[in-house]
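See structure below.
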Amino acid sequence: MESKVDKPHVIVLPYPIQGHINPMIQFSKRLASKGLKATLAITVFISNTMKPESSGSVQIDTISDGYDAGGLAASGGIQYYLPRLEAIGSKTLGELIIKHKKTSHPIDCIIYDAAMPWALDVAKQFGLQGAAFFTQMCAVNYIYYNVHHKLLNLPICSTPISIPGLPLLQPRDLPSFICSSEGSYIAYLGRVLNQFKNIDKADFILVNTFYKLENEAVDSMSKVYPLLTIGPTVPSVYLDKRVENDKAYGLDLIDFNSSTSSDWLSTKYPGSVIYVSFGSVTSLSSKQMEEIARGLNNSNFYFLWVVRASEEAKLPKGFKEESGEKGLIVNWSPQLDVLSNEAVGCFFSHCGWNSTTEALSLGVPMVAMPQWTDQTTVGKYIEDVWKVGVRVKIDDDSGIVNREEIESCIRQVMEGERGKEIKENAKKWRELALEAVGEGGTSDRNIDEFMSKLRRTT
Ligand code: UDX
């Protein structure tokens, strides 16, 4: 019989924000369910912030980013945070590896968030295998690859861009960091381009997508790197109700009452509710919040709107009372439970990659309102490639999306011929997502291949 120490031991190291932790903890759980020992390494700050959620089959350990008391928010900006994360992160990751070396189950491989390429250098220093994990969609990574290798003609922000395997991209479809000279955006651009600086040394490159979702982009990027698509990283129990496994999705960094949303949804009829969320980071202007509020109210559908506590003051005065029974505003929601609730007919989303793959996997049509980073490219795919939603247009004069446009996009998804087509497409993608991660599917096979190539270091 196989003894416990025969299983390879992997450390999974996400970049410390909600949208990167969620897919990587899910991937860890999947590896654990297939027999690996997986340890999630999060920063001390994240570990102290996360809400009581247990990690189930995955053990948790910590490294430091140098900001144990306040994390990224305490750093004064991303340009200060990243160098310190690299310096202190490398040192404490090394200490973690040494700590485990003294146990009966030392570490064999580090699966690191591609946003932290220094972790690969640490892995190699200790003679371990290293797997880069790209949390975002393949097309976005491939755009960054092209920028990193100067394969695009500059300037690239005023004309449409043609990249093999991707649809023609207008400037508004490109990831936002590419075309801005703003200080923090330059630091973010450095972070996403750095993903490629040492990647040739990686033993594996894992991408959080599935083959059929982005086949052309995956084929193009596979010509330069051997990629393994392993997504979507949505717990199987949500994809297939027959599967019994750990329902917990991520480590919530916000304390909330999950039954508030579910209880409210249970009183609504199927397909009648717009679920609105802009993820864990995006911040909107008060004017934009007001337009969303009015657009939702004017549409006359029910809505469940996640407004984080830090954004709440931007809601128009008296709006909660005004919308009455029509709307529920919460600070955070159990998003997968919400999206899989049959009352939800549309997801009004900022197009974060996790929110998008969750909606695709659960067959929920979308209104796409991308804000920054990868979301603009994801919005392009939602509307024009997967055809599972309608993307809002920004008003040229005001620079925001006005209430009439918001109401119109909601109606196009919820009603009429276009809505019907979108719902059909959403159903199709749901099936394909399930197929990819189901037994013998493309992602399932790739995960098996990854596991079969892991070698014990001792
Ligand atoms: C960030 C970036 O902004 C995003 O563009 C990138 O693709 C990933 O990292 P974030 O903006 O938080 O992420 O969005 P998203 O990728 O959608 O991740 C949010 C996660 O929080 C999702 O897994 C979602 O299910 C979860 N969530 C969100 C909740 O559980 N409850 C909520 O109320 C809102």
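Of note:
- So N22, is it in the same structural domain as L96 (by TED's automatic domain parsing) and over 20 Å from the mean Cα position of the chain (by Cα): no
- Residue within region 99-113 that is assigned by TED's automatic domain parsing to the domain that holds L193, in contact with a Gly (Cβ under 7 Å, 6 or more places away or on another chain) and open to solvent by 10 Å² or more (accessible area, probe 1.4 Å) present: no
- Counting the residues of region 361-384 that are in contact with an Asp or Glu (Cβ under 8 Å, 6 or more places away or on another chain), aliphatic (A, V, I, L, M) and either part of a helix (DSSP H, G or I) or not assigned by TED's automatic domain parsing to the domain that holds S280 (or both) gives 0.
- Hits in region 297-309 - residues which are more than 16 Å from the ligand (Cβ to nearest atom) and either on the phi > 0 side of the Ramachandran plot or not hydroxyl-bearing (S, T, Y) (or both): N297, N298, N300, F301
- Screening A74 against (1) touching an Asp or Glu at 6+ places or on another chain (Cβ under 8 Å); (2) open to solvent by 20 Å² or more (accessible area, probe 1.4 Å); (3) not β-branched (V, I, T) leaves a single unmet condition, (1).
- Residue check, F196 at pLDDT 95 or above and touching a strand residue (DSSP E or B) at 6+ places or on another chain (Cβ under 6 Å): no
- The residues in region 393-424 that are in contact with an Asp or Glu (Cβ under 7 Å, 6 or more places away or on another chain) and open to solvent by 80 Å² or more (accessible area, probe 1.4 Å) can be counted, and the count is 1.
- Checking M116 against (1) in contact (Cβ under 8 Å) with a residue 24 or more places away in the chain; (2) more than 22 Å from the chain's Cα centre (by Cα), the condition it does not meet: (2)
- When S47, S90 are screened for being part of a helix (DSSP H, G or I), in contact with a Ser or Thr (Cβ under 8 Å, 6 or more places away or on another chain) and either open to solvent by 10 Å² or more (accessible area, probe 1.4 Å) or at pLDDT 95 or above (or both), only S47 passes.
- In region 197-223, the qualifying residues are those that are in contact (Cβ under 8 Å) with a residue 60 or more places away in the chain and part of a loop (DSSP other than H, G, I, E, B), and the one that is surrounded by the fewest Cβ atoms within 10 Å (Cβ to Cβ) is K197.
- Condition check for A433: within 30 Å of I11 (Cβ to Cβ) and open to solvent by less than 10 Å² (accessible area, probe 1.4 Å): yes
- Test: D173 is in the same structural domain as I21 (by TED's automatic domain parsing) and within 21 Å of D444 (Cα to Cα): no
- Pick from region 119-154, criterion free of Cβ contacts under 8 Å to residues at least 24 places away in the same chain and outside any helix (DSSP H, G or I), ranking: nearest to the ligand (Cβ to nearest atom): L152
- Test for Y211: is it under 21 Å from the mean Cα position of the chain (by Cα) and within 16 Å of the ligand (Cβ to nearest atom): no
The rows are residues; the columns are (1) surrounded by 16 or more Cβ atoms within 10 Å (Cβ to Cβ); (2) farther than 26 Å from K423 by Cβ; (3) away from the ligand (no atom under 13 Å from the Cβ); (4) not assigned by TED's automatic domain parsing to the domain that holds R391.
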residue: S277; (1), (2), (3), (4): yes, no, no, no
residue: S283; (1), (2), (3), (4): no, yes, no, no
residue: E311; (1), (2), (3), (4): yes, yes, no, no
residue: L315; (1), (2), (3), (4): yes, yes, yes, no
residue: L328; (1), (2), (3), (4): yes, no, no, no
residue: S333; (1), (2), (3), (4): yes, no, no, no
residue: L336; (1), (2), (3), (4): yes, no, no, no
residue: L339; (1), (2), (3), (4): yes, no, no, no
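- Candidate set: region 56-71, residues that are free of Cβ contacts under 8 Å to residues at least 40 places away in the same chain and open to solvent by 60 Å² or more (accessible area, probe 1.4 Å); chosen: the one nearest to D252 (Cα to Cα): Q59
- Pairs, first over 19 Å from Y269 (Cβ atoms) and of a type in the set (D, E, K, R) in region 285-304, second in a loop (DSSP other than H, G, I, E, B) and at pLDDT 95 or above, C-beta under 7 Å, six or more apart: K287/I400; E290/P316; E291/I400; E291/V401; E291/N402
The values are calculated or read from the model by the stated rules, or taken from the named source; none is laboratory data. From a predicted model like this one, the values you see are computed outputs, not experimental measurements. Positions of Cβ are backbone-derived with ideal geometry, glycine not excepted, and every protein chain shown enters the neighbour counts. Ligands, DNA and RNA are stripped out before the accessible areas are found, and what is left, the full protein with its side chains, is counted by its heavy atoms. Shrake-Rupley method; radii C 1.70, N 1.55, O 1.52, S 1.80 Å.
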